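Single-structure report; data block below.
The values are calculated or read from the model by the stated rules, or taken from the named source; none is laboratory data. What you are looking at is a predicted structure, and each value in this text was computed from that prediction instead of being measured. All Cβ positions, glycine included, derive from the backbone under ideal geometry; neighbour counts span all protein chains shown. Just the protein is used for accessible areas: all its heavy atoms, side chains included, with ligands, DNA and RNA removed. Shrake-Rupley method; radii C 1.70, N 1.55, O 1.52, S 1.80 Å.
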Amino acid sequence: MTDKTAKLDLESGTSEYPVLPGSVGPDVIDIRKLYGTTGKFTYDPGFTSTASCQSAITYIDGGEGVLLHRGYPIDQLAEKARFLEVAYLLLHGDLPNQSELDEFVNSITYHTMVHEQLAQFFRGFRRDAHPMSVMCGVVGALSAFYHDSTDITDPRQRLIASHRLIAKMPTIAAMAYKYSVGQPFVYPRNDLSYTGNFLHMTFSVPAENYEVNPVIENAMRRIFILHADHEQNASTSTVRLAGSSGANPFACIAAGIACLWGPAHGGANEAALNMLREIGDSKNVKKYVDRAKDKNDPFRLMGFGHRVYKNYDPRAKVMQTTAEEVLKELNISDPVLDVARELEHIALNDDYFIEKKLYPNVDFYSGIILNAIGFPTEMFTALFALARTTGWVAQWNEMISDPEQKIGRPRQLYVGATHRDFVPVSER
Ligand code: CMC
């Protein structure tokens, strides 16, 4: 708390509001009493200037291109941490010591299997259903299978639900993939790492031995870490808003998955690769850059720009290095990587992109890596959802434990018809 205040001058008088400091980053003006004192609301569609909550999980400085989880820079975590260490960090606030980590890993691996009846639940989907539609449905249905961890007032149940979600998402995502290609579901193997097990459930088939390639396993570990959390983005805010009503955690995460699906959010990795393929050749890049700049053309460079980053997205840098490593390991020379490099080069030197501070984001290179590993494009956003689940449950737990949190209930600037009387249809 500081004594700083912000004054608001209106015709009806002046009112003062406390200014709250964060540990780092911009202060916020606490306007909770604004309506009570002035009878007015603030107007901020898209929440461009609104802090919807207080949080100690993730910090982003978009101008400087900084991303910290609980204070740790994303590039250090992506380089050195296990995915489950990062999950523990997000959930509990500090890196685990060895015994805490062992216990956490144990608990997660204990929960990797899904109820056998859930396999039947999958059969209700069309075979060609998009994995994200399957994920929305199946994750929402978890509350019907694990009803014993839906009492959100019980911290123990909240923890079990969180562990279940982190543990079962790889299994569910792999099942969604297997279902779409008509292969049998593969059970988890708890002797493998979180990412190794996911690759095993996705790519192994009963008829053949499947060895997890350590370079690919490492690439997946990085991709999962880079997607684990990103402060109050659209899907996380959706999870918080759904959770603010007291809804059960499985329903809240299903809501987050639905929001993530959109092409402006998690769907951008799929859209970015489709765009790179459509461009097809480095010589076509300029034409597409010109289209992106044309006000009369709705085309945007997918994987470019960010609401918060007005500098290079630090996740994109790690992603670019990982793309090079994976393609080298798999001995793939994918022309889309050349297209991506050329596009990045042209866009970063173009006045339009410089002026608007549009840089590659996390999704620009991730599709190239996932494609090289063998994932179909429809799976990309499902993988994002899998990784982001750790962030969602951490943010959801933080919100439920915050005594100041109320049900999320925004107001509006009403611009519709004022009072009018009903007219029967025969007289209209
Ligand atoms: N290509 C061309 N122009 C762009 C782009 C782009 N990718 N992104 C923004 N602009 C322009 C936009 O036309 C606008 O111009 P003007 O001021 O002349 O109207 C200006 O830049 C600001 O754009 P905005 O849409 O008002 O910015 P926003 O903060 O609302 O949107 C965004 C952020 C990520 C939705 C947007 O940059 C975008 O649509 N990017 C492409 C989709 C994408 O890659 N999304 C993944 C985001 S990272 C992963 C995640 O967090 O989910």
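Which one of these is of a type outside the set (F, W, Y), part of a helix (DSSP H, G or I) and touching a Ser or Thr at 6+ places or on another chain (Cβ under 9 Å): I346, I400, I407? Let's see the steps before the verdict.
Numbers: I346 fails: touching a Ser or Thr at 6+ places or on another chain (Cβ under 9 Å); I407 fails: part of a helix (DSSP H, G or I).
After ruling out the rest, the residue left standing is I400.
Residues in the stretch 313-333 that are open to solvent by 30 Å² or more (accessible area, probe 1.4 Å) and not in a helix (DSSP H, G or I): L330, N331, I332, S333.
Mind telling me which of the residues Y210, Y179 ends up being over 29 Å from N397 (Cα atoms), in a helix (DSSP H, G or I) and either away from the ligand (no atom under 16 Å from the Cβ) or among the polar types (S, T, N, Q) (or both)? Outline the logic, then answer.
On the way: Y210 fails: in a helix (DSSP H, G or I).
That would be Y179, the only listed residue that is over 29 Å from N397 (Cα atoms), in a helix (DSSP H, G or I) and either away from the ligand (no atom under 16 Å from the Cβ) or among the polar types (S, T, N, Q) (or both).
Of everything in the stretch 192-221 that is out of contact with any helix residue (DSSP H, G or I) (no Cβ under 9 Å at 6 or more places or on another chain) and open to solvent by 50 Å² or more (accessible area, probe 1.4 Å), the residue that is farthest from V86 (Cα to Cα) is A207. All conditions in (1) surrounded by fewer than 14 Cβ atoms within 10 Å (Cβ to Cβ); (2) not in a helix (DSSP H, G or I) hold for Y309, with the sole exception of (1). The criterion of at least 3 residues that are open to solvent by less than 70 Å² (accessible area, probe 1.4 Å) is met by the following helices (runs of 4 or more DSSP H) wholly inside the stretch 1-112: 74-80, 83-92, 98-110.
Taking the condition open to solvent by 10 Å² or more (accessible area, probe 1.4 Å), closer than 30 Å to L273 by Cβ and over 14 Å from the mean Cα position of the chain (by Cα), does E404 pass?
Values: open to solvent by 10 Å² or more (accessible area, probe 1.4 Å): yes; closer than 30 Å to L273 by Cβ: no; over 14 Å from the mean Cα position of the chain (by Cα): yes.
No.
Yes or no: A271 outside any loop (DSSP other than H, G, I, E, B), of a type in the set (A, V, I, L, M), within 10 Å of the ligand (Cβ to nearest atom) and open to solvent by less than 20 Å² (accessible area, probe 1.4 Å)? Steps first, answer last, please.
Values: outside any loop (DSSP other than H, G, I, E, B): yes; of a type in the set (A, V, I, L, M): yes; within 10 Å of the ligand (Cβ to nearest atom): yes; open to solvent by less than 20 Å² (accessible area, probe 1.4 Å): no.
In short, no.
Pairs linking a residue in the stretch 3-21 that is over 16 Å from F41 (Cβ atoms) to a residue that is in a loop (DSSP other than H, G, I, E, B), with Cβ atoms under 6 Å and 6 or more positions apart or on different chains, are P18/D30; V19/K4; V19/D27; L20/D30; P21/T2; P21/D27. Which residue pairs have Cβ atoms under 9 Å apart, sit 6 or more places apart or on different chains, and have a first residue in the stretch 183-198 that is under 20 Å from V215 (Cα atoms) and a second that is at pLDDT 95 or above and among the aromatic types (F, W, Y)? Matching pairs, first to second residue: L192/F198; S193/F83; Y194/F83; Y194/F224; T195/F83; T195/F224; F198/F224.
Being in a helix (DSSP H, G or I) and over 22 Å from R388 (Cβ atoms) is true for just one of D191, D148, D128. Which residue is that? Exactly one residue qualifies, and that residue is D148.
Condition check for Y187 on (1) among the aromatic types (F, W, Y); (2) within 25 Å of the chain's Cα centre (by Cα); (3) over 21 Å from L91 (Cβ atoms): one failure, at (2).
Quick check, is G93 over 30 Å from G182 (Cβ atoms), more than 16 Å from the ligand (Cβ to nearest atom) and not aromatic (F, W, Y)? Yes: the conditions hold for G93.
For the stretch 298-312, what are the residues that are among the aromatic types (F, W, Y) and in contact (Cβ under 8 Å) with a residue 12 or more places away in the chain?
The first filter runs over the stretch 298-312 and keeps only residues among the aromatic types (F, W, Y), leaving 299, 304, 309, 312.
Result: F304, Y309, Y312.
With the condition kept exactly as written, say whether any residue in the stretch 171-191 is open to solvent by less than 10 Å² (accessible area, probe 1.4 Å), touching a Gly at 6+ places or on another chain (Cβ under 8 Å) and farther than 24 Å from E329 by Cα. For the stretch 171-191, residues open to solvent by less than 10 Å² (accessible area, probe 1.4 Å), touching a Gly at 6+ places or on another chain (Cβ under 8 Å) and farther than 24 Å from E329 by Cα: absent. Of everything in the stretch 84-134, what is of a type in the set (F, W, Y) and over 23 Å from F224 (Cα atoms)? Give them in sequence order. F121, F122, F125 - these are the residues of the stretch 84-134 that are of a type in the set (F, W, Y) and over 23 Å from F224 (Cα atoms).
Which of the following residues is in a loop (DSSP other than H, G, I, E, B) and either over 23 Å from L383 (Cβ atoms) or open to solvent by 70 Å² or more (accessible area, probe 1.4 Å) (or both): K287, K295, K283?
K295
Mind counting the residues in the stretch 346-368 that are more than 12 Å from the ligand (Cβ to nearest atom) and either under 18 Å from the mean Cα position of the chain (by Cα) or among the basic types (K, R) (or both)? Step through it out loud before you land on a result.
So the first thing to find is which residues in the stretch 346-368 are more than 12 Å from the ligand (Cβ to nearest atom), and the list is 346, 348-349, 351, 368.
Next cut, either under 18 Å from the mean Cα position of the chain (by Cα) or among the basic types (K, R) (or both) only: none.
The total comes to 0.
For the stretch 279-301: of the residues being among the hydrophobic types (A, V, I, L, M, F, W, C), over 15 Å from I354 (Cα atoms) and touching a Phe, Trp or Tyr at 6+ places or on another chain (Cβ under 8 Å), which is nearest to the ligand (Cβ to nearest atom)? Walk me through how you get there before you give the answer.
Within the stretch 279-301, the first condition is being among the hydrophobic types (A, V, I, L, M, F, W, C), and the residues that meet it are 279, 285, 289, 292, 299, 301.
This time we only want the ones that are over 15 Å from I354 (Cα atoms), so: 279, 285, 299.
After this cut, where a residue has to be touching a Phe, Trp or Tyr at 6+ places or on another chain (Cβ under 8 Å) as well, the list is 279, 299.
Numbers: I279: 13, F299: 8 Å.
If we take residues in the stretch 279-301 being among the hydrophobic types (A, V, I, L, M, F, W, C), over 15 Å from I354 (Cα atoms) and touching a Phe, Trp or Tyr at 6+ places or on another chain (Cβ under 8 Å), then F299 is nearest to the ligand (Cβ to nearest atom).
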